[in-house]
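For reference, the structure discussed in these notes is given below.
The values are calculated or read from the model by the stated rules, or taken from the named source; none is laboratory data. These numbers come from a predicted model, not from an experiment. Glycine gets a Cβ as well: all are built from the backbone with ideal geometry, and neighbour counts include every protein chain shown.
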Amino acid sequence: MAEKRPNRVLGPYHDDFWAYCREGELRLQKCGACGYISWPATDACFDCGARGDFSWEKFSGKGKIISWCTFEREYYRGVLPVPWDTILVKLNEGPIFLSNPKGFAYKDIEADMPVKLAFIDCEDNAGQFKLPVFERA
Ligand SMILES: [Zn+2]
């Protein structure tokens, strides 16, 4: 059963990201001009500003947790129950990705804990989607 989640940002580039997730792939935009990986999805490279010149680089989904926090306030009342764990994962290829833990909680986390990509079935007002999350490696 799909977990209810806050509404995604959709539109140009964001839709591409979610389409790759639906295929079970984590892909981020690589700038054709300078090679920088921009995340979240954007229409202009975060490093050099080049517009629309991207390829979608596939990532291994392996990384380590470099930070984490737990939300105890209901920012998404009726959607996300609290406490709500969030992790910051540094992917092995370099980019930093904000996500949620799967199968463990904040009390289990240690700095540099290795994790691997997983997808969970979620739903927002636009429909069902695959959300990239991380489980213990
Ligand atoms: Zn660039």
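Sort out which residues of the stretch 92-113 are assigned to a strand (DSSP E or B) and aliphatic (A, V, I, L, M), and write them in order of number. Walk me through how you get there before you give the answer.
Narrowing the stretch 92-113 to residues assigned to a strand (DSSP E or B): 96-99, 101.
Hits for the stretch 92-113 are Ile96, Leu98.
Can you confirm whether the stretch 50-65 contains a residue that is over 14 Å from the mean Cα position of the chain (by Cα), outside any strand (DSSP E or B) and of a type outside the set (D, E, K, R)?
In the first step, residues of the stretch 50-65 are kept if they are over 14 Å from the mean Cα position of the chain (by Cα); the result is 50-57.
Now restrict to residues that are outside any strand (DSSP E or B): 50, 52-53.
This time we only want the ones that are of a type outside the set (D, E, K, R), so: 50, 52.
Yes, the stretch 50-65 contains a residue that is over 14 Å from the mean Cα position of the chain (by Cα), outside any strand (DSSP E or B) and of a type outside the set (D, E, K, R).
Please verify whether the stretch 18-36 includes one or more residues that are among the small types (Gly, Ala, Ser), without any contact (Cβ under 8 Å) to a residue 60 or more places away in the chain and under 26 Å from Val79 (Cα atoms). Full working, then the answer.
Going through the stretch 18-36, the residues among the small types (Gly, Ala, Ser) turn out to be 19, 24, 32-33, 35.
Checking which are without any contact (Cβ under 8 Å) to a residue 60 or more places away in the chain leaves us with 19, 32-33, 35.
Those still in the list that are under 26 Å from Val79 (Cα atoms) too: 19.
Yes, some residue in the stretch 18-36 is among the small types (Gly, Ala, Ser), without any contact (Cβ under 8 Å) to a residue 60 or more places away in the chain and under 26 Å from Val79 (Cα atoms).
Out of (1) within 18 Å of Pro6 (Cα to Cα); (2) at pLDDT below 95, what's the single condition that is false for Lys130?
The number of the failed condition is (2).
Is it true that some residue in the stretch 44-55 is within 16 Å of the ligand (Cβ to nearest atom), surrounded by 14 or more Cβ atoms within 10 Å (Cβ to Cβ) and at pLDDT below 95?
yes
Give the stretch 114-137 a look and list any residue that's assigned to a loop (DSSP other than H, G, I, E, B) and more than 17 Å from the chain's Cα centre (by Cα), or say none. First the steps, then the outcome.
Initial filter on the stretch 114-137 (assigned to a loop (DSSP other than H, G, I, E, B)): 125-126, 137.
Across the stretch 114-137, the qualifying residues are Asn125, Ala126.
Restricting the search to the stretch 18-43, which residues are within 15 Å of the ligand (Cβ to nearest atom) and part of a strand (DSSP E or B)? Can you show your working first?
As a first pass, look at the stretch 18-43 and keep what is within 15 Å of the ligand (Cβ to nearest atom): 28-39, 41-43.
Scanning the stretch 18-43 gives Leu28, Gln29, Lys30, Cys31, Ile37, Ser38.
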